[in-house]
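Only one structure is covered here, and it is reproduced in the block below.
The values are calculated or read from the model by the stated rules, or taken from the named source; none is laboratory data. All of these numbers come straight from a predicted model, not from anything done at the bench. As a convention, Cβ positions derive from the backbone with ideal geometry for all residues, glycine included, and neighbour counts pool all protein chains shown.
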């Protein structure tokens, strides 16, 4: 991935934070998912009073892409922090989101956790979910 591609994903993820629905946690997360076809799918977190139906930004982006027939991905940028703050810390994907990534992504998939366009960390899928369970385990 180029620096330009990484920054583009971070900017889109930052924009998506504005659409988060977080009346309970007040922790807004945005994500931007780059498909191998070059399309970018975005998502924000959406909470629910009963908590279990809550959906993370990362999964929202994946589910939007998959619902449009896209199932191959290169990278995702994730940003998050308190709703009223522009000062963000690194926001790592939860375990459920990591498992969804495992379903659709290979070892070269890049996870970008960012504070802003200049401060970010990148990880591979095996780094954030070693010894993962995936489709190959069911064969």
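What single numbered condition from (1) more than 30 Å from residue 139 (Cα to Cα); (2) out of contact with any strand residue (DSSP E or B) (no Cβ under 8 Å at 6 or more places or on another chain); (3) surrounded by 14 or more Cβ atoms within 10 Å (Cβ to Cβ) fails to hold for residue 98? So residue 98 meets the others, but not (1).
Criterion applied to 130, 135 was being modelled with pLDDT under 95 and touching a helix residue (DSSP H, G or I) at 6+ places or on another chain (Cβ under 8 Å), and the one residue passing it is 135. When residue 90 is tested against (1) touching a residue at least 24 places away in the same chain (Cβ under 8 Å); (2) more than 14 Å from the chain's Cα centre (by Cα), only condition (2) is not met. Of the residues making up region 84-127, those that are more than 21 Å from residue 17 (Cβ to Cβ) and either touching a helix residue (DSSP H, G or I) at 6+ places or on another chain (Cβ under 9 Å) or not in a helix (DSSP H, G or I) (or both) are 102, 103, 104, 105, 106, 107, 108, 109, 124, 125.
For every residue, the table says whether it meets (1) surrounded by 17 or more Cβ atoms within 10 Å (Cβ to Cβ); (2) under 19 Å from residue 128 (Cα atoms); (3) touching a helix residue (DSSP H, G or I) at 6+ places or on another chain (Cβ under 6 Å); (4) touching a residue at least 24 places away in the same chain (Cβ under 8 Å).
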site	(1), (2), (3), (4)
3	no, no, no, no
13	yes, no, no, yes
23	no, no, no, yes
36	no, no, no, yes
50	no, no, no, no
61	yes, yes, no, yes
67	no, no, no, no
75	yes, yes, no, yes
80	yes, yes, no, yes
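Evaluation of residue 57 against the conditions (1) in contact with a helix residue (DSSP H, G or I) (Cβ under 6 Å, 6 or more places away or on another chain); (2) surrounded by 24 or more Cβ atoms within 10 Å (Cβ to Cβ); (3) over 17 Å from residue 5 (Cβ atoms) shows that the sole unmet condition is (1).
Of 28, 45, all but one fail to be surrounded by 17 or more Cβ atoms within 10 Å (Cβ to Cβ) and under 18 Å from residue 99 (Cβ atoms); the exception is 45.
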